[in-house]
Each structure stands twice: as C-alpha cells, then as structure tokens.
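**Q** My questions will all concern the structure given below.
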Amino acid sequence: NHKTEKFWDKKEVDKAVANICDEAVAVNVKKTEKNLSPPAPFNTTSFLAAAANQGLSPANAMRIAEGLYMKGFISYPRVDNTVYPKSINFRDILTALEGTDKLGALAKKINAQTKLEPTRGKRMATDHPPIHPTAAVRKDAVSERDWKIYELIVRRFLANLAPKAKIASVRIDFDANNEPLYIRGSQTKSPGWLEFYPYGKRKDNPVPDICKGDKVKIIEKIVEAKETQPPARYSQSSLIQKMEELNLGTKATRHNIIKNLYDRGYTHNDPVIPTDLGIAVADTLNKYANKISSPEMTAELEAEMNNIAQGNSKQEEVVDRSRQILAKTLVELSTKKEEVGQQIRAGILESQTLGKCPNSEGNLRIIRSKKTRKRFVGCSDYPDCKTTYPLPQYGEIIPLGEICPECGSPKIKVINKGKRPWTICIDPNCITKDEYKKSKKNTK
C-alpha cells in the first residue's frame, strides 16, 4: 500500500507508479501486541443479533430460545442485563456442561481454570441474569436449529469466562525511490476466548519476518480505481441493534416488529431490502402522519411505558396523551384519505409490476384471475396484448427488477414460509429451467 492511501488526482497516481522502482528498503518495523477482551454476556438484543449473523431471523431465534427455556436448557431469554449476579454458581453449570456433546471438552477446559472471572457488559439489571445455559443437552435429543441456538449460547457463556486473546500486529514501512509504501499484518499469539467462540473469528494475516534495512523485490504494481460506496444496508442483526439504540420497541417486541415487516411484504432479503410497497407506505406515513412514524415518538412512548412500570408516571396520564396524539393524526389522515389511498395504491401497483412486456408497450404485471383465483403474469395492454406467463401459486412474490441473461424475461424471488427463498425468471421455456425439469422427471 502507498502511504497516501487515497489519491484524488490520476496524474499523481501515474507519477507515484512511475517513481516506484523494482526494489524497496524497509525503513521502519513496528511490532505491537494487544489483548482482545471477551464479548459481554448475552442480553436479548445481543443474542438476537448474534443469531441473525448465523442465518436465523430474530423471530425464529427467540421462538427457539423460548422453547429451550421451557425445557430447562437455558435461562430466561428476555433480558436487558449483561452482568452476571454473584449468586450464579459457574462451577456447577460448567460441571453439568462437561456432559454435553461436542462442547463438553471446552467446558472442562474452562472449569480447570483456577479462577472464574466473567466479563461484564454495560447494562446491569436485577430482574434476570444474562442468557446462559442451565443444563447439558444431547445433540441428538433436539432439532438442528435448537442445537444451533443452544451451542451459540453455551459458547458465549464459555467465552465470558475465558481469558483474553492476544493479537500480535506488525507494520513495516518501505522506501521505494522516495515513494513511501507499507504493509500491515496480524497474527493470533494466544487464542484465549476465540477458541470457545469462533463466530466471526478474525483471520490471521501474517507478513514475512523483515528487519529494518532489508531489501525486498517489487514484483507487480497494482492501481485500483474505486468509487465512494453508499452505506451498507441494514442486516437483521444490525437492525435489531439500531432499534435498541433508538429505543424502538422493547426486548420482547423488536424481533416481532422485524418479522411483521417481512410478513406484510414491506421488506425482503437479508441484508434488508424494502419493497416498492414498503417504500410507498413509509413515504405516505412520513408525508401525512410524520408524528406517529418518527422514531422519536415511538421512543418517547416506550420511555413512558417504562416510567409506568417503575412507578414514575401514571397510566391514565400516559394513555390520555397517547390518545390525543393519535386522535390528531387520525383527523389529519381522514382529511387526506383520497391522497393517502392514491399513494398506497400506486405503491401496490408498483410492487406488482415486473417489467416491460416483450410484445407491446405495456408492463408485465402480477394478476389474479377473477374466475379461478389463480395468479399469473399478464400485460397491462390486455386485451390488445395477450402475453402471459405462469406463476407459482404459493408463497410471496418479490419483483427483483432484474432480467434473466438467458431469455430476457424478468426475475422474481419466491418466498415460502419455512423454506429457503428461490429466484427464477418467469419464462417456463427458459434454458435455466432444464435442470429443474430433469430432476422433476427423474423423481417421477
């Protein structure tokens, strides 16, 4: 890498590349070691975020965790607390976990430590302890998904009690004909808690053992031209953490709020992508009911609820204030109901439009037959254009705004509850369907 990092003028790039010779001299070698602390104990938000990173939606993760709790395998999963109380007997839990498939040896290793000092998070509450295992589980006694969540919770618990990891880093600066270059590397010296909690484990990036004054050959010069990228989309994991940051929902409701966004067709995919319908609803509410759609109002109401629970506010007063706000908003929406309806209908129409018709100037849209109630793709120029395509009759259909490179027809995503989403083009005669047709024929 060049020390300048980013060049904004191509002439300067060309000059630097021309200056760099075939050899560089190491002018400085800086080696450092740092300790990487274990993660904080699981509360509901951090648990759901970690589960989402492993491919389980927050709603599914919470459902599974509640099932494990009811069976006595883990502690109560709806908690804010990230500090273990002194009453927890870690030795007893570890001894029990030693009988767990696959994880028993890890539990035994932690139990062999002279001292058990759990890591602490920033949130301390007295209602429930952080989420942790309470009993050993045989892998063959639970479903694959149940085990996945149980293993995640056990490994987090073990990591909370494990020593810090030690990471060695090195930076080497070079001089290449007065052009400053450098390389960076890092390597795990002692895995510590990373041995017990490998999720998202950083990869080692070792560099050669080079000393100050050593010469190295420059084999190739690479120039990368890149554009400034927009912020990354929210994943379900980062979204639930953002909701906690903005105080939107509670530990008991956030996973269901996200699930509702998917169930109602407002979003799809992970990272989360809003649908045309979702964008239309959001735009309409922002335009005509900005007060109730703002995160500030939702956070304010959640804070009021907490005040009621803590005895700092009266329920009647909070309910009256909420009614006044909602009544005012309802009046505003009623006076603009034609505009609101028109904007929502436009969003629904947009969400049912797949692309341009290949045989006319019309658009291909998802249509449901009045006679058979079956859905299909038809042209908006019907009856002048009778172009149609069949559609799967079950599952939610999301237009992707993409064209199949083989046949040129629009691509859609089909989402069936409990099944993996699948992406197809709408042309049944496309060559991409040949493999599917073969497998279906062989099955018969």
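The values are calculated or read from the model by the stated rules, or taken from the named source; none is laboratory data. In this text, all values refer to a predicted model and were calculated from it rather than measured experimentally. As a convention, Cβ positions derive from the backbone with ideal geometry for all residues, glycine included, and neighbour counts pool all protein chains shown.
**Q** Which of the residues spanning the range 1-46 are touching an Asp or Glu at 6+ places or on another chain (Cβ under 6 Å) and aliphatic (A, V, I, L, M)?
**A** Quick first cut of the range 1-46, residues touching an Asp or Glu at 6+ places or on another chain (Cβ under 6 Å) only: 16, 19-20, 25-28, 43, 45.
Of everything in the range 1-46, those that are touching an Asp or Glu at 6+ places or on another chain (Cβ under 6 Å) and aliphatic (A, V, I, L, M) turn out to be ALA16, ILE20, VAL25, ALA26, VAL27.
**Q** For TYR182, state whether it is under 25 Å from the mean Cα position of the chain (by Cα) and either closer than 30 Å to VAL83 by Cβ or not in a loop (DSSP other than H, G, I, E, B) (or both).
**A** Taking the combined requirement at face value, the residue does not satisfy it.
**Q** Here's another thing I want to ask about it. Restricting attention to the range 156-177, which residues are hydrophobic (A, V, I, L, M, F, W, C) and either in contact with a Lys or Arg (Cβ under 9 Å, 6 or more places away or on another chain) or at pLDDT below 95 (or both)?
**A** Those that are hydrophobic (A, V, I, L, M, F, W, C) and either in contact with a Lys or Arg (Cβ under 9 Å, 6 or more places away or on another chain) or at pLDDT below 95 (or both): LEU158, ALA162, ALA165, ILE167, ALA168, VAL170, ILE172, PHE174, ALA176.
**Q** Quick check on this structure: which one of PRO410, PRO358, PRO390 is under 32 Å from the mean Cα position of the chain (by Cα) and either surrounded by fewer than 15 Cβ atoms within 10 Å (Cβ to Cβ) or at pLDDT 90 or above (or both)?
**A** PRO410
**Q** Please determine, by comparing only the residues of the range 138-182 that are surrounded by fewer than 17 Cβ atoms within 10 Å (Cβ to Cβ) and aliphatic (A, V, I, L, M), which one is farthest from PHE73 (Cα to Cα).
**A** ALA168
**Q** Go through the range 1-41 residue by residue and tally those that are of a type in the set (Val, Ile, Thr) and under 30 Å from GLU195 (Cβ atoms).
**A** Number of matching residues: 2.
**Q** Do you know which residues across the range 338-352 are under 36 Å from the mean Cα position of the chain (by Cα) and not hydrophobic (A, V, I, L, M, F, W, C)?
**A** Here is the first cut: in the range 338-352, the residues under 36 Å from the mean Cα position of the chain (by Cα) are 339-352.
Answer for the range 338-352, where residues must be under 36 Å from the mean Cα position of the chain (by Cα) and not hydrophobic (A, V, I, L, M, F, W, C): GLU339, GLY341, GLN342, GLN343, ARG345, GLY347, GLU350, SER351, GLN352.
**Q** Answer yes or no: is there a residue in the range 33-54 that is part of a loop (DSSP other than H, G, I, E, B), closer than 30 Å to ARG184 by Cα and among the aliphatic types (A, V, I, L, M).
**A** Within the range 33-54, the subset part of a loop (DSSP other than H, G, I, E, B) is 37-41, 43, 54.
Filter once more, keeping what is closer than 30 Å to ARG184 by Cα: 37-40, 54.
Then drop every residue that is not among the aliphatic types (A, V, I, L, M), which leaves 40.
Checking the range 33-54: at least one residue is part of a loop (DSSP other than H, G, I, E, B), closer than 30 Å to ARG184 by Cα and among the aliphatic types (A, V, I, L, M).
**Q** Assess whether VAL216 counts as being under 30 Å from PRO180 (Cβ atoms) and exposed (fewer than 15 other Cβ atoms within 10 Å of the Cβ).
**A** Numbers: under 30 Å from PRO180 (Cβ atoms): yes; exposed (fewer than 15 other Cβ atoms within 10 Å of the Cβ): no.
So VAL216 fails the test.
**Q** Looking at ASP146, ASP127, which one is in contact with a helix residue (DSSP H, G or I) (Cβ under 6 Å, 6 or more places away or on another chain) and assigned by TED's automatic domain parsing to the domain that holds SER57?
**A** On inspection, the qualifying residue turns out to be ASP146.
**Q** Still on this model: Show me the strands (runs of 3 or more DSSP E) found entirely inside the range 293-390 where at least 2 residues are farther than 29 Å from LEU246 by Cβ and basic (Lys, Arg).
**A** 363-368
**Q** Taking the range 181-237 as the region of interest, how many residues are among the basic types (Lys, Arg) and within 30 Å of LEU103 (Cβ to Cβ)?
**A** Initial filter on the range 181-237 (among the basic types (Lys, Arg)): 184, 189, 201-203, 212, 215, 217, 221, 226, 233.
Going one step further and asking which of them are within 30 Å of LEU103 (Cβ to Cβ), we end up with 189, 201-203.
Count: 4.
**Q** In the range 249-286, what residues are of a type in the set (Lys, Arg) and more than 16 Å from GLU396 (Cβ to Cβ)?
**A** Step one: list which residues in the range 249-286 are of a type in the set (Lys, Arg), which gives 251, 254, 259, 264.
Matches in the range 249-286: LYS251, ARG254.
**Q** Please find, within the range 228-263, the residue that is surrounded by the most Cβ atoms within 10 Å (Cβ to Cβ) out of those that are part of a loop (DSSP other than H, G, I, E, B) and aliphatic (A, V, I, L, M).
**A** LEU248
**Q** Pairs needed: first member in the range 71-97, under 24 Å from ARG254 (Cβ atoms); second member anywhere, in a helix (DSSP H, G or I) and aliphatic (A, V, I, L, M); C-beta distance under 6 Å; at least 6 residues apart or different chains.
**A** Every condition considered, the pairs that remain are ILE74/LEU68; ILE74/ILE153; PRO77/ALA65.
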